[in-house]
Amino acid sequence: MIIIKTKEEIEILREGGKHLATVLYKVKEKVVPGISTKDLDIYAEKLIREMGDEPAFLNYRPEGADTPYPASLCVSVNNEVVHGIPSKNRILKEGDIIALDLGIRHKNLFTDMAITVPVGAVSGADLKLMQITEKALQVGIDAAIAGNTIGDISYAIESFIRPHKFGIVEVLSGHGVGRSIHEDPYIPNFGKKGKGAKLAPGMVIALEPMINLGTKNVTIDTDGYTFRTADGKNSAHFEHTILITENGPEILTKTL
Ligand code: MG
């Protein structure tokens, strides 16, 4: 069931989205060669708690998972697609690209956001992958108009990506968010115009294209969380939490 948020909930989600974006952009500034992915996680959790919020992913157990997720931040390096577990032994180096995915609980309501950032200078192919993936997110947001359907968002993202011949990850998707970190509806990054539920004002959704330089196929590590490209080529991920309004989509995970 798709939950329509109340006016009061929307105000809290706006605040929470601002907090989340503020934290994530501060974490981004810490991304330099030599830092460990665990250092980024510790910093993210500290900033979240300083704002009076709670990390949404820490100890979260997704459906089907054997163990709860052990960190606040997901850090996915290079060919890791999503849900990389931070480690003090994973030291970033020049030329890496890393996806930072973070969710917070603010006054009991959830927002979700991800960015992929370069570590120092990166290859032209990786830069393009990041730029196109971020653009795909914007294209999806632009299609998130009341009266359109979920399929219209999926179709917009897919048809933007296709000419670039990148792999669109199919086993993971965007989702409703707010009272839980994952709610209905699920929003694939590929699909058909006009299919699925109709978007209505008050819906809050997280759009998150996950795009690979090569194959769309992914594997999961033995840690039960880390999704990785099947061909070892790099992957990028961008995500915003947005609100459907009568006047178009509103990005909630922004600093201003
Ligand atoms: Mg998400």
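The values are calculated or read from the model by the stated rules, or taken from the named source; none is laboratory data. Every value quoted in this text rests on a predicted model; they were computed, and no experiment measured them. We place every Cβ from the backbone using ideal geometry, glycine too, and count neighbours over all the protein chains shown. Note: areas computed on protein heavy atoms with side chains; ligands, DNA, RNA excluded. Shrake-Rupley method; radii C 1.70, N 1.55, O 1.52, S 1.80 Å.
For segment 74-108, what are the residues that are surrounded by fewer than 24 Cβ atoms within 10 Å (Cβ to Cβ) and within 20 Å of K18 (Cβ to Cβ)?
D101, R105, H106, K107, N108
Looking for something in contact with a strand residue (DSSP E or B) (Cβ under 9 Å, 6 or more places away or on another chain) and of a type in the set (S, T, Y) - is there at least one such residue anywhere in segment 157-165?
No, segment 157-165 has no match at all.
Tell me whether segment 186-203 contains one or more residues that are among the β-branched types (V, I, T), open to solvent by 50 Å² or more (accessible area, probe 1.4 Å) and within 20 Å of D112 (Cβ to Cβ).
No; the residues of segment 186-203 include none that is among the β-branched types (V, I, T), open to solvent by 50 Å² or more (accessible area, probe 1.4 Å) and within 20 Å of D112 (Cβ to Cβ).
So which residues in segment 23-62 are farther than 23 Å from S87 by Cα and under 18 Å from the mean Cα position of the chain (by Cα), if there are any at all?
Listed by number, the list is empty, since nothing qualifies.
Going by the conditions given, is T133 within 13 Å of the chain's Cα centre (by Cα) and in a helix (DSSP H, G or I)?
When the stated conditions are applied, T133 passes them.
Please go through segment 83-109 and give me each residue that is in contact with a Lys or Arg (Cβ under 6 Å, 6 or more places away or on another chain) and within 20 Å of R61 (Cα to Cα), ordered by number.
Of everything in segment 83-109, those that are in contact with a Lys or Arg (Cβ under 6 Å, 6 or more places away or on another chain) and within 20 Å of R61 (Cα to Cα) turn out to be P86, S87.
Select, from A114, A144, the only residue that is assigned to a loop (DSSP other than H, G, I, E, B) and closer than 19 Å to H182 by Cβ.
The unique qualifying residue is A144.
Could you look through segment 173-185, keep only residues that are assigned to a loop (DSSP other than H, G, I, E, B) and open to solvent by 40 Å² or more (accessible area, probe 1.4 Å), and pick out the one that is farthest from the ligand (Cβ to nearest atom)?
Restricting to residues being assigned to a loop (DSSP other than H, G, I, E, B) and open to solvent by 40 Å² or more (accessible area, probe 1.4 Å), the top hit is R179.
Return the residue satisfying two criteria in turn: it lies in segment 150-172 and is open to solvent by 50 Å² or more (accessible area, probe 1.4 Å) and in a loop (DSSP other than H, G, I, E, B), and of such residues it is nearest to the ligand (Cβ to nearest atom).
V171
Please find, among E11, E29, the residue that is acidic (D, E), modelled with pLDDT of 95 or more and within 21 Å of V177 (Cα to Cα).
E11
So, in segment 26-67, how many residues would count as being open to solvent by less than 80 Å² (accessible area, probe 1.4 Å), assigned to a helix (DSSP H, G or I) and touching a residue at least 60 places away in the same chain (Cβ under 8 Å)?
Selection size over segment 26-67: 3.
What is the number of the single condition among (1) open to solvent by less than 50 Å² (accessible area, probe 1.4 Å); (2) closer than 28 Å to T6 by Cα that L256 does not meet?
Answer for L256: the failing condition is (1).
Scan segment 82-93 and report the pairs whose first residue is touching a residue at least 12 places away in the same chain (Cβ under 8 Å) and under 24 Å from M113 (Cβ atoms) and whose second residue is part of a strand (DSSP E or B) and among the acidic types (D, E), with Cβ atoms within less than 8 Å and a gap of 6+ or a chain change.
Cβ pairs passing all conditions: V82/D101; H83/D101.
Tell me the residue from A125, A136 that is crowded, with 16+ Cβ neighbours inside 10 Å and either in contact (Cβ under 8 Å) with a residue 24 or more places away in the chain or more than 15 Å from the ligand (Cβ to nearest atom) (or both), please.
The unique qualifying residue is A136.
Taking the condition of being within 14 Å of I145 (Cβ to Cβ) and within 16 Å of the ligand (Cβ to nearest atom), how many residues in segment 188-208 meet it?
Adding up the residues that qualify gives 3.
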